[in-house]
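Read through the structure below, which is laid out as structure tokens, and then see the notes.
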Amino acid sequence: MEVFQLLLSGLSQGCVYGLIALGFVMIYKATEMLNFAQGDMMMLGAFVAITFVNLAGLPFFVGFLITLVVMVGFGMGLERTVIRPMIGEPPFAVLMLTIGLGFILRAVAGAIWGSGPRTLDVPFAGSVLEVGGVVLGYENLVVIGGTALLCIALWAFFRYSRIGVAMQAASQNQLAAYYCGVPVKRVTSLVWGISAAISAAAGVLVAPVMLIDPMMGFLGIKAFAAAIVGGFGSLPGAIVGGLLIGVVEQFAGLYLPAGLGEVSAFVILLVMLMARPQGIFASMQQKKV
Amino acid sequence: MRFVLTTHYGQDVNLFRHNGQRFWYALLAVSVVVAPLFLSTFYVGELVLVFIWAIAGIGLMLLVGYTGLVSLGHAAFLALGAYCHAVLLGYGVPFAVSAPVAVAFTALVGALVGIPALRMTGVYLAIATLAFERIVAYGIEHWEPVTGGLRGMSVPQPDFFGVSLADSYVLYYVSLGVLAAGLFAAANLLRSPTGRAFVAVRDSEISAESMGVHLARTKTTAFAVSAAFTGLAGVLLAHRIGYLAPDAFTVQTSIQLLLLVVVGGLGSLHGVVFGAIFVGYLPQVIALARDVLPSAVGQIPGLELGVFGLILALFLVFEPLGLYGRWLKIRSWLSLFPLYRKATHKRQKAYLRTERVQ
């Protein structure tokens, strides 16, 4: 039974990694930029949710929706003002820029909301569901359920909506998409917006399980591991990689010497890079001459 | 504007292009040698820190600026150098043995990290080195009998040929000497075939390989050399701070090193020194600014890192060539005085070089 509970909390933790990973895999696919500030966007999303739910006193779901809208705006604004001038610069420059952005976001969040940890008021906090002797926290179930819903929504969006198909086109070949009349710039902007919203959703989902403070963006580092394990550039891979890392982390934390749970994600990552660098769901090949 | 008439091939690889440069570098050398005579112990200590940053910066510059490989894990090499040296000193190994052993050990680890890195391009490498850094930090925190764990360990202060390294004036000259030797070695490396291969790999792996550059060997060498320089900086840092604890070597340190390289100017050894001065003195400027600013602004947690991030972002957007690039512009403005045109240094946009198969 203990195993089952560990599995559940691992899966719920993994969902959060997966969602953050999803956010930057989207950006990477669309623009070949690596957004190191993804974890900090999650932090920002969680704080925005706190502002609307705790401080403004809105109902949870209304606050959540407003947060998503705000974060879409934030992501698009960020792309428009900071990222777009960097198009054509070497990838390294963009990487460094997003690292810098991460620091700025942390300082700004610290200035606005203070550095102390906070909790988000959620309607389902603390209650548990008992099924055949297994105690399931509602928070964990909500994280898993929420992630599943979000994934279905995203899948439908990419599969059926015009703009979703346009995004796929732009990410496969920018120039060809441009020739076919896809407004690549606007699409890229929207990709950043959606990616910011996904990480905000991750932040809100993780809020009942962990405390929210400006430093929680460091979670993003593990999400990188998730993305690579899943196969960089593959959206389902990001979620699977996240789940894998979340589960392994929980089990390593219990059965291996103290603290190994913390680094197990990185060990998996390095092993994966040596054994199968293209990840579980290989979607990219090395360029050949 | 000075034009050098090239009359033999040796002039192309000369360290100094003309006598004017020799004069200014000699003046600089004299002034840093006599500087401690006029400075208090505090400022000498701060200069030592700048030198150490610069030595580590040479390592990262060779990797990032010249070979085009990104590392977010250089704090790990710094830590490995420092800890290896301190542990060996603790066993009573003399300085003259333990320092080279620490450097060699770091270089070896660097080469080992470089091996999986061979299959990876930018993105993967950045994250893999970050993972490596976390694992090393974990090892240091949990291998308590040797590293002292989270409590840390004090660094024994050995005799350095009869004088104590605990004296900051002695440490000043030692690290100055190491920095000068390091810069010379790096400049020499860069005009050798190995260094040219680094640059070729940076500019295009495919064309470098077509020209006969052994990619795997070049990248591993770059990693090993880079780690060795950073390890050497770690050795000196151990003496500078006197007490090693894991919180001195975090992801933040790696990022400060990257900041040094970017702000200084990618792809120039001058940039290393400019960047080291910048990174070494910025925290103090911020500390001074904190006192001046109203307390509501000055007390923001993470302000220092936020300012770091802001400066990093501003440099990347407005001056990607860093302080050295800015200096080049100022210099050409001065030498061309009434005729300088902005378009001389116009940035050219490059096309995105995709790693994907279309």
Quick test of your reading of the structure: B:Ser268 fulfils all but one of (1) more than 13 Å from chain A (Cβ to nearest Cβ); (2) hydroxyl-bearing (Ser, Thr, Tyr); (3) within 14 Å of the chain's Cα centre (by Cα); (4) within 30 Å of B:Ala166 (Cα to Cα). Name the failing condition by number. (4)
Does any residue of the stretch B:20-30 turn out to be touching a helix residue (DSSP H, G or I) at 6+ places or on another chain (Cβ under 9 Å), modelled with pLDDT of 85 or more and under 30 Å from B:Gln284 (Cα atoms)? yes
Can you name the residue in the stretch A:203-229 that is within 16 Å of A:Gly10 (Cβ to Cβ) and part of a helix (DSSP H, G or I) and is also farthest from the chain's Cα centre (by Cα) among such residues? A:Val229
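Determine, yes or no, whether A:Leu34 is assigned to a helix (DSSP H, G or I) and not basic (Lys, Arg).
no
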When you go through (1) modelled with pLDDT of 90 or more; (2) of a type in the set (Val, Ile, Thr); (3) part of a helix (DSSP H, G or I); (4) farther than 30 Å from B:Phe95 by Cβ one by one for B:Val285, which number turns out not to apply? (1)
Go through the stretch A:75-101 residue by residue and tally those that are out of contact with any Gly (no Cβ under 6 Å at 6 or more places or on another chain), facing chain B (nearest Cβ under 7 Å) and buried (at least 24 other Cβ atoms within 10 Å of the Cβ). 3
Could you please find all residues in the stretch B:13-43 being surrounded by 11 or more Cβ atoms within 10 Å (Cβ to Cβ), without any contact (Cβ under 8 Å) to a residue 12 or more places away in the chain and not in a helix (DSSP H, G or I)? B:Asn14, B:Phe16, B:Leu39
Within the stretch B:302-334, track down each residue that is within 19 Å of the chain's Cα centre (by Cα), at the interface with chain A (Cβ under 8 Å from one of its Cβ atoms) and buried (at least 21 other Cβ atoms within 10 Å of the Cβ). B:Phe308, B:Gly309, B:Leu312, B:Leu316
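Within the stretch A:72-131, count every residue that is among the charged types (D, E, K, R) and not in a helix (DSSP H, G or I).
Total satisfying the criteria: 4.
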Pairs where the first residue, in the stretch A:102-118, is facing chain B (nearest Cβ under 7 Å) and the second is modelled with pLDDT of 85 or more and surrounded by fewer than 18 Cβ atoms within 10 Å (Cβ to Cβ), C-beta under 8 Å, 6+ apart: A:Phe103/B:Leu310; A:Ile104/B:Leu310
Given the criteria modelled with pLDDT under 90 and closer than 26 Å to A:Phe36 by Cβ, does B:Gly73 qualify? yes
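The values are calculated or read from the model by the stated rules, or taken from the named source; none is laboratory data. As the structure is a computational prediction, the values presented were derived from the model and not from experiment. Ideal geometry is used to build each Cβ from the backbone, glycine not excepted, and the neighbour counts take in all protein chains shown.
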